[in-house]
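J.: After the structure tokens below, expect a handful of questions from me.
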Amino acid sequence: MLNFKNKILILSTFIFTALLFCTGCNSSSEASIQEKNAEKAAPTPASFLALGEFSVEYLEDGYVKVRDGAKREFLLVPRGKPPLEGFPKSRIVETPVRSVAAYGYFDISILKVLGVIEDVLVGVTAPKDEWVIPEVVQGMESGKIAFLGSYNSIDFEVLKKTGPEMAMTWDHSVIPILEDLGIPCLITSTPVAMCLNAKMKFVNFLAPFFGKETEASEYFGQVAGVLQEIAEKAAQAEEHPKVMWGDIYEKRVLVEPGNAWVGELVGLAMGDYVFDDVFGASCIEISMERFLTGGEDAEILFTYRTPLTGATSKEALAKTNPSMSAIQPLHAGKVFAPLPHYSQSGHKLDEILLEIAAIVHPDLYPNYERKYFTELPEKDA
Amino acid sequence: MDALIKKIWHALASVRLTFVCMTCLCVCAGIGYFLIRSQVHVFKPLQDLSLISWAKTWGLTHISVTWWFFLLLALLALLCLNTLVCTTDRVNAIWRNRKRLPSRTSLVLRLSPHIMHYSLIIILAGYLTSYIFANTVTSLILLPDRPTRVENTSITITLTGLQTRTYQGKRMAPFDGRAINATASLLFEDSKGRTKTAQAGINRPARFQGLSVHMAEFAPRSEGGMVRRKYAGLTVRQDPGIPIYYAGMALFVLGLIFYVFSITPWGERHMRGSYA
């Protein structure tokens with residue numbers, strides 16, 4: 001017969017066995033070292049920044065742990081200090097970083113915000129004639145910044161010669177090659193589109209690499225101020241125009257999903273984003289039917305194409321794909337195309353946000369002069 | 001001290017506690033549904049961070065949207081204790097009266113619901129073990145024929161082939177030539193030279209020495225279009241919780257089989273005549 005003590009014994013045995021199982025499994029795991037170190041050095045919550053899918057965790061003694069767009073953790077080590085245990089060599093970056101190779105326009109624009117572009121940028125993946133950022137053009141002219149080849153044909157000899165201490169890219173496939181070259185590779189894109197908050201705070205993600213947290217905070221404050229202004233002004237709006245952002249290509253229909261920063265911004269500016277229910281990556285593919293249904297009563301269309309890539313007029317746009325002429329913005333609404341320098345203007349995010357708000361509600365921004373988008377005429381001149 | 005333990009034991013054995021716990025769990029999970037939807041990105045790192053690391057960073061930083069999760073864990077723990085105590089009490093009662101039962105079969109059949117209860121606790125313990133102790137390597141990128149070491153292990157994986165199946169149906173023009181499935185052929189090797197070839201696909205992990213290897217991404221994804229280097233992106237998990245919840249599930253199935261027998265006329269005949 002089991003008495004009370006025996007019941008306790010059964011219970012204790014059960015709990016002990018469960019714990020033993022867990023502990024046993026844990027001790028056999030070589031992988032727990034990194035976790036233990038991370039936990040030992042855990043920061044106070046105030047020193048942790050979640051920036052969309054990126055994160056920055058300030059540890060003691062100037063060490064920083066960051067998580068990139070591929071969910072990989074890097075340890076930023078102040079120069080002269082030993083690295084903490086548990087991080088592979090390819091994930092240890094000495095700070096401040098002195099030289100960088102970068103793929104993305106937005107990443108490079110953020111280097112400009114941080115005031116380090118002239119000092120650190122040594123390699124890019126677009127030729128000189130595609131650049132409008134003066135520092136990059138000058139750097140390429142002087143030979144300080146090298147053209148590494150396009151994203152799918154990087155010249156790794158040149159890359160090695162330029163000797164970057166770190167590379168920033170969206171292309172996961174170069175990670176093993178760069179790691180073989182001893183260059184830590186930071187993924188700066190995420191599988192899900194950046195929300196407005198992440199877009200604005202991305203500067204805080206790159207800041208600790210260069211010790212430029214103050215500059216990042218100032219920039220964020222500036223953009224947040226403009227956003228506040230947009231929200232306050234939009235509160236006066238009586239109409240909520242329907243806005244769509246996307247394009248139809250030969251076989252594919254691509255749009256910005258509702259979770260992307262542009263979708264959120266349109267909502268904040270009291271517009272009605274027609275792809276609000278679409279969730280996923282930036283430039284996400286949707287069905288033609290969904291695009292056309294959304295465009296039936298939309299008033300404003302933002303295209304991906306620039307005037308250089310075919311968006312010269314509504315008529316020209318309709319010619320690229322006859323189905324597109326069915327959407328309202330092409331015959332009774334407005335169509336805006338980004339100007340070629342738009343994609344390299346990430347450092348002017350505040351101006352871009354303001355301009356989009358001014359396009360959504362032109363009545364609230366009288367006399368606003370556009371810098372980043374152009375309204376397409378009905379026909380080519 | 002004994003009196004205090006007895007008091008706690010009786011409190012934990014209360015059916016009222018079960019009811020309160022279950023109600024609170026439903027409310028908590030309901031609130032959680034809306035809070036997760038409001039900020040999905042806060043919870044996504046739980047897929048690859050340990051529960052403790054997540055709690056110290058994402059969890060505490062966003063406490064306004066994560067509080068329900070911590071409460072849920074506490075309620076689950078309480079429910080587990082409640083189930084454990086209630087079940088142990090019942091098992092104890094059956095065991096005490098085993099000699100009054102007509103046969104051993106009757107004893108086993110009477111224990112069947114309690115086996116399932118214990119199993120559920122084991123399954124939950126397995127999940128907790130996973131959340132706390134699993135190690136996940138995200139974005140392990142493999143290029144063809146380049147052995148790549150899995151972080152914090154001595155195991156290397158080589159991509160020996162990447163087979164993509166493209167859409168050829170012709171009914172949906174946008175999908176023409178687009179990859180709709182992919183399988184990576186992998187060669188595993190440990191420090192002792194032991195090797196294994198296996199295939200990992202979407203929703204079809206490969207396993208080697210306690211590692212489960214899941215295909216997370218690959219390129220190229222279409223014929224033509226954006227030119228991409230061939231690669232496979234893997235997520236590798238070393239999860240000590242798996243054997244625990246497999247054991248729990250096996251035990252649950254066993255309990256369920258006994259229980260199904262117990263409610264058949266055959267089972268009822270075997271149990272009849274035993275203690276009430």
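J.: What distance in nm lies between label points placed 7 Å from Cα along the C-beta direction at residue B:203 and residue B:249?
T.: About 1.5 nm separates the two model spin labels.
J.: Taking the Cα centre as origin and putting +1 on Lys and Arg beta-carbons and -1 on Asp and Glu beta-carbons, what dipole magnitude results for the protein assembly as shown, to the nearest 20 debye?
T.: Numbers: 65 positive and 64 negative charges, 916 e Å.
Here the protein assembly as shown has a charge dipole of around 4400 debye.
J.: Could I ask something else about it? Would you mind checking the pairs A:71/A:161; A:212/B:230; A:314/A:348; A:161/B:230; A:212/A:371 and listing those with alpha carbons more than 32 angstrom apart? Could the numbers behind the result be given before it?
T.: Details: A:71/A:161 29 Å; A:212/B:230 37 Å; A:314/A:348 27 Å; A:161/B:230 25 Å; A:212/A:371 28 Å.
Pairs exceeding 32 Å: A:212/B:230.
J.: Something else: Segment B:226-250 to segment A:62-90: how many Å between their Cα centroids?
T.: The two parts, judged by their Cα centres, are 25 Å apart.
J.: Can you give the helix-only mean residue ellipticity at 222 nm for chain B, where every DSSP H stretch with n ≥ 4 adds -39500 (n - 2.57) and the sum goes over all residues, rounded to the nearest 500 deg cm²/dmol? Present the calculation step by step, with values, prior to reporting the outcome.
T.: Numbers: 8 runs with 136 residues, N = 276.
Helix contribution divided over all residues of chain B: -16500 deg cm²/dmol.
J.: Counting only DSSP beta bridges with both residues in chain A, what percent are antiparallel, rounded to the nearest 5? Present the calculation step by step, with values, prior to reporting the outcome.
T.: On the way: 20 of 43 bridges.
If I count the DSSP bridges inside chain A, around 45 percent turn out antiparallel.
J.: State the Cα centre-to-centre distance between segment B:1-50 and segment A:110-143 in whole Å.
T.: Segment B:1-50 and segment A:110-143 have Cα centres separated by 54 Å.
J.: With the contact rule set at Cα under 8 Å and sequence spacing of 6 or more, what percent relative contact order holds for chain A?
T.: Values: 647 pairs, mean separation 49.7, N = 381.
Here the relative contact order equals 13 percent.
J.: Here's another thing I want to ask about it. How big is the Rg/Rh ratio for segment A:235-375, C-alpha atoms only, Rh by Kirkwood, two decimals? Could you put the intermediate results ahead of the total?
T.: On the way: Rg = 14.0 Å, Rh = 15.1 Å.
We get a ratio of 0.93 for segment A:235-375.
J.: Which trypsin sites (Lys or Arg not before Pro) in segment A:57-88 sit in a loop by DSSP (not H, G, I, E or B) and have at most 14 other Cβ atoms within 10 Å of their own Cβ? All intermediate terms of the calculation are to be shown ahead of the outcome.
T.: Values: sites: A:65, A:67, A:71, A:72, A:79; in loops: A:71, A:72, A:79.
Sites meeting the loop and neighbour criteria: A:79.
J.: If I take R0 = 45 Å and measure r between the Cβ atoms of residue A:316 and residue B:76 in this structure, what FRET efficiency does the formula 1/(1 + (r/R0)^6) give, to the nearest 0.05?
T.: Working: r = 60 Å, r/R0 = 1.34.
After rounding to 0.05, the efficiency reads 0.15.
J.: If contacts are Cα pairs under 8 angstrom and at least 6 residues apart, what is the relative contact order of chain B in percent?
T.: Values: 413 pairs, mean separation 56.4, N = 276.
Taking the mean separation of contacting Cα pairs over the length of chain B, I get 20 percent.
J.: With a 10 Å Cβ neighbour count serving as the proxy for reagent exposure, in which order, fewest first, do A:185, A:283 appear?
T.: Working: A:185 26, A:283 16.
Final ranking by Cβ density, sparse to dense: A:283, A:185.
J.: Separate question: Please compute the average number of Cβ atoms from other chains found within 10 Å of each residue's Cβ in peptide B:133-143. Let's see the in-between values first.
T.: Details: counts 9, 6, 8, 2, 3, 6, 8, 4, 11, 3, 6.
Averaged over the peptide's residues, the number is 6.
J.: Between residue B:223 and residue B:23, what is 0.36 nm times their sequence separation minus the Cα-Cα distance? Round to one decimal in nm.
T.: Numbers: separation 200, 0.36 × 200 = 72.00 nm, distance 5.33 nm.
Working it through step by step, the gained length comes to 66.7 nm.
J.: Can you give the longest run of chain B that contains no trypsin sites (Lys or Arg not before Pro) sitting in a DSSP loop with at most 13 other Cβ atoms inside 10 Å? Please report the intermediate quantities before stating the final value.
T.: On the way: sites that count: B:170, B:171, B:192, B:194, B:272.
Answer - B:1-169.
J.: Sticking with this structure for a sec: Please sort by residue number the GluC sites (Glu not before Pro) in segment A:84-178 whose DSSP state is loop and whose Cβ has at most 12 other Cβ atoms within 10 Å. Before the final figure, lay out each step's value.
T.: Numbers: sites: A:85, A:94, A:118, A:130, A:135, A:141, A:157, A:165; in loops: A:85, A:165.
Sparse-neighbourhood loop GluC sites (Glu not before Pro): A:85.
J.: What is the fewest-to-most order of A:172, A:331 by other Cβ atoms lying within 10 Å of their Cβ? Could you put the intermediate results ahead of the total?
T.: Working: A:172 22, A:331 11.
Ascending Cβ contact count within 10 Å gives the list A:331, A:172.
J.: Here is a follow-up. For A:291, B:258, what's the fewest-to-most ordering of other Cβ within 10 Å of each Cβ? Before the final figure, lay out each step's value.
T.: Details: A:291 22, B:258 19.
If I rank by nearby Cβ atoms, fewest first, I get B:258, A:291.
J.: Could you size up the charge dipole of chain A around its Cα centre, putting +1 on the beta carbon of Lys and Arg and -1 on that of Asp and Glu, and report it in debye to the nearest 20?
T.: Details: 34 positive and 52 negative charges, 259 e Å.
Taking the Cα centre of chain A as origin, the dipole is about 1240 debye.
J.: Between residue A:147 and residue B:257, what is the label-to-label distance in nm when each label sits 7 Å out along the Cα-to-Cβ direction?
T.: Reported label-point gap for residue A:147 and residue B:257 is 7.0 nm.
J.: About the Cα centre, and with charges only on the beta carbon of Lys, Arg (+1) and Asp, Glu (-1), how big is the dipole of chain B? Nearest 20 debye, please. Display every interim value, and only then the final one.
T.: Values: 31 positive and 12 negative charges, 139 e Å.
That gives chain B a dipole magnitude of about 660 debye.
J.: Of A:81/B:44; A:65/B:44; A:160/B:44, which sit over 29 Å apart, Cα to Cα? Write out the running numbers ahead of the final one.
T.: Working: A:81/B:44 33 Å; A:65/B:44 18 Å; A:160/B:44 35 Å.
Listed pairs above 29 Å: A:81/B:44; A:160/B:44.
None of the figures in this text is laboratory data; all of them are computed from the coordinates on show. No experiment lies behind these values; they were computed from the predicted model shown. Methodologically, a virtual Cβ is constructed for each residue, glycine included, from the backbone with ideal geometry; neighbour enumeration extends over all protein chains shown.
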